[in-house]
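Notes follow once the structure below has been shown.
The values are calculated or read from the model by the stated rules, or taken from the named source; none is laboratory data. From a predicted model like this one, the values you see are computed outputs, not experimental measurements. In this analysis, Cβ positions are derived from the backbone assuming ideal geometry, glycine residues included, and neighbour counts consider all displayed protein chains.
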Amino acid sequence: MTEMTEKKRGPWWKNTVVYQIYPKSFQDSDNDGIGDIPGIISRLDYLAGLGIGAVWLSPVYCSPQDDNGYDISDYQDIDPMFGTLEDMEKLITEAKKRDIRIIMDLVLNHTSDEHRWFQEAKKSRDNPYHDYYVWRDGVEGKLPNDMKATFGGPAWEWVPELNQYYFHQFSVKQPDLNWENPKVRREIYDMILWWMEKGVGGFRLDVIDQIAKEPDRGITNNGPRLHEFIREMSRETFQKGDLITVGEAWGANTENAKLYSNPDGSEFSMVFQFEHMAMDQQPGKEKWDLAPLPFVKMKQCMAKWQRELYQTGWNSLFLDNHDLPRIVSRWGDDKKYRKESAKMLATVLHGMQGTPYIYQGEELGMTNVKFQDITHYRDIETLNLYRERMEQGYREEEVMRSIYAKSRDNARTPMQWSAEENAGFTKGTPWIEVNPNYVEINAEEEREDPDSVFSCYRTLIQLRKEYPVFIDGKFELLMEEDEQIFAYTRTSEDEEILVCANFTKEPARCPLLGEWKDARILIHNYDREAGETLMPYEALILWRGKVRT
Ligand code: TEU
């Protein structure tokens, strides 16, 4: 890179694409039906072939798996079901050989109730670990207040031996850590430094906007001391390395995102914000209360994030993760136009400014699953929701309809490697069933096929490396009110691109394309000349150099 391009391109993490692995469902190596670290190592060449530069690993630490590893009982060891610390070290080294960095998932808002700290904490009120968690005195049956846990039920759990309640924003088995206690913060920083010593490339920070809770005032996210804690953590740990850090923040807005992703590096590299992911639900209700996607609003939302963080912060770009349904089933068409719509969604996302994240299987156009009944589901959130709504008198069909659309298990079925038994994921019995469509949708089929969803993702990743305008170009939304077309330009000093996509099953007029007819086509999901009408889910990116006057 010339000095000039290097300056425009900025830190490495602005120039990379991250791939998220959900270890339990990625690749099993010992046929116990659960994915593991040696399994991941065996697939590194696949990832290198895709062109990604970093892997975010959902938690592999010791855990009773009440919430699939987001309930950690030892931050400094690997759960035997996933392998050993040596396997982890080997993964870091083997990935490095392929220019891939490993991003660990830090769950710092809570631990497992089986963590040594909590085991000690609940022994007595004067135990040195007691104050590592959030307790309130009370009487059994009379909760400190009516706060609810994300996975259902009250946020308070009674411990009779202490005559106290502890606070948990997630399951009963995930007690919240007390960040007000400086000793807790120090323990956490030392643990982070220990992982940095091992050569990890960065961290994803689970529900980080919830650490500074103040339950007496009903505050969960964006507590008053939140950014103070994050800055302290960043100073004590991340800033000592050249890391990518991404905070998960359901409560992020464009204002606080500028703090989180301040270019001065005082907090994180970027955050995951969820504004665009909470639009296809009924206002003021839960994600299970389905509503169609308000397309124009969604475009405006994405455009707002692009505009607001331009040169003042940095976006993360994602449509999928382990908590979300599969995007092709959600906003695309997972039947007739599965390939076209999966590519269209990828094209729209990867043309934007920010660091793109691909969730395992997204690059194959993997879809939601429809298990026959609730007994096939594994996710604690889904199971609790089912129980609650059935008790509340919802019709089963209705509950299942929500689950089919939004259950986290949609994203957690095993990775589809091949048409072999269990999609090549395991020779044992998988912990969650494989999506039956693996026979048609799998990596083996797609890898060598230039027309596959996989090839589209590979090209998109490549384009970011070749054209700096993907990194630094300024975003402008076009045809803002159009109900079918998602179109925008990215413009830098000497290049510009036009990203143009039909988000619907019906053909759509896009006169813009006439103005760009001499431009170079960088990617296109139809094998046809681009006219001024786009076919169902047709999408393309056009490029032209700017003539300087
Ligand atoms: O998710 C945060 C979170 O709030 C989700 O539980 C979210 O509300 C839900 O998935 C949407 O329905 C993080 C992790 O990504 C998730 O897997 C964990 O279960 C959760 O934190 C607790 O650690």
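Please work out which residue is nearest to residue 384 (Cα to Cα), limiting yourself to segment 285-317 and to residues that are of a type in the set (A, V, I, L, M, F, W, C) and touching a Lys or Arg at 6+ places or on another chain (Cβ under 9 Å). Among residues in segment 285-317 that are of a type in the set (A, V, I, L, M, F, W, C) and touching a Lys or Arg at 6+ places or on another chain (Cβ under 9 Å), the one nearest to residue 384 (Cα to Cα) is 288. Among the residues making up segment 331-347, those that are closer than 17 Å to residue 359 by Cβ and not in a helix (DSSP H, G or I) are 331, 332, 334. For segment 327-357, which positions are away from the ligand (no atom under 16 Å from the Cβ), β-branched (Val, Ile, Thr) and within 15 Å of the chain's Cα centre (by Cα)? Of everything in segment 327-357, just one residue is away from the ligand (no atom under 16 Å from the Cβ), β-branched (Val, Ile, Thr) and within 15 Å of the chain's Cα centre (by Cα), namely 355. Could you tell me whether residue 286 is assigned by TED's automatic domain parsing to the domain that holds residue 70, among the charged types (D, E, K, R) and within 13 Å of the ligand (Cβ to nearest atom)? It is true that residue 286 is assigned by TED's automatic domain parsing to the domain that holds residue 70, among the charged types (D, E, K, R) and within 13 Å of the ligand (Cβ to nearest atom).
Suppose we filter 242, 264 for residues that are within 30 Å of residue 306 (Cβ to Cβ), away from the ligand (no atom under 16 Å from the Cβ) and more than 23 Å from the chain's Cα centre (by Cα); which single one remains?
Selected residue: 264, the only one of 242, 264 that is within 30 Å of residue 306 (Cβ to Cβ), away from the ligand (no atom under 16 Å from the Cβ) and more than 23 Å from the chain's Cα centre (by Cα).
Among the conditions (1) surrounded by 20 or more Cβ atoms within 10 Å (Cβ to Cβ); (2) within 16 Å of the ligand (Cβ to nearest atom); (3) over 24 Å from the mean Cα position of the chain (by Cα), the only one that residue 114 does not satisfy is (1). The residues on offer are 317, 324, and the sole one that is away from the ligand (no atom under 16 Å from the Cβ), under 29 Å from residue 12 (Cα atoms), in contact (Cβ under 8 Å) with a residue 40 or more places away in the chain and not β-branched (Val, Ile, Thr) is 317. Among residues of segment 79-111 being under 16 Å from residue 27 (Cβ atoms) and β-branched (Val, Ile, Thr), the one that is surrounded by the most Cβ atoms within 10 Å (Cβ to Cβ) is 102.
Please indicate, with yes or no, whether at least one residue in segment 482-495 is surrounded by fewer than 16 Cβ atoms within 10 Å (Cβ to Cβ), assigned to a loop (DSSP other than H, G, I, E, B), touching a strand residue (DSSP E or B) at 6+ places or on another chain (Cβ under 8 Å) and not hydroxyl-bearing (Ser, Thr, Tyr). For segment 482-495, residues surrounded by fewer than 16 Cβ atoms within 10 Å (Cβ to Cβ), assigned to a loop (DSSP other than H, G, I, E, B), touching a strand residue (DSSP E or B) at 6+ places or on another chain (Cβ under 8 Å) and not hydroxyl-bearing (Ser, Thr, Tyr): present. The set of residues in segment 277-320 that are among the charged types (D, E, K, R) and farther than 19 Å from residue 492 by Cα comprises 280, 285, 286, 287, 289, 297, 299, 320. Filtering segment 62-71 to residues that are more than 9 Å from the ligand (Cβ to nearest atom) and surrounded by 24 or more Cβ atoms within 10 Å (Cβ to Cβ) leaves only 63.
Within segment 371-413, take every residue that is assigned to a helix (DSSP H, G or I) and among the small types (Gly, Ala, Ser) and give me the one that is nearest to the chain's Cα centre (by Cα).
Checking each candidate, the answer is 411.
Taking segment 143-235 and the strands (runs of 3 or more DSSP E) fully enclosed by it, the elements with 1 or more residues that are more than 26 Å from the chain's Cα centre (by Cα) and either more than 16 Å from the ligand (Cβ to nearest atom) or crowded, with 17+ Cβ neighbours inside 10 Å (or both) are at 156-159, 164-167.
Cβ separations smaller than 7 Å between residues 6+ apart or across chains give the following pairs from segment 190-215 residues that are free of Cβ contacts under 8 Å to residues at least 24 places away in the same chain and in the same structural domain as residue 260 (by TED's automatic domain parsing) to residues that are outside any helix (DSSP H, G or I) and buried (at least 19 other Cβ atoms within 10 Å of the Cβ): 214/223.
Summed over segment 252-261, the residues that are surrounded by fewer than 17 Cβ atoms within 10 Å (Cβ to Cβ) and either part of a loop (DSSP other than H, G, I, E, B) or not assigned by TED's automatic domain parsing to the domain that holds residue 100 (or both) give a count of 1.
Once segment 418-429 is narrowed to residues that are in a loop (DSSP other than H, G, I, E, B) and surrounded by 22 or more Cβ atoms within 10 Å (Cβ to Cβ), the residue that is farthest from the ligand (Cβ to nearest atom) is 426.
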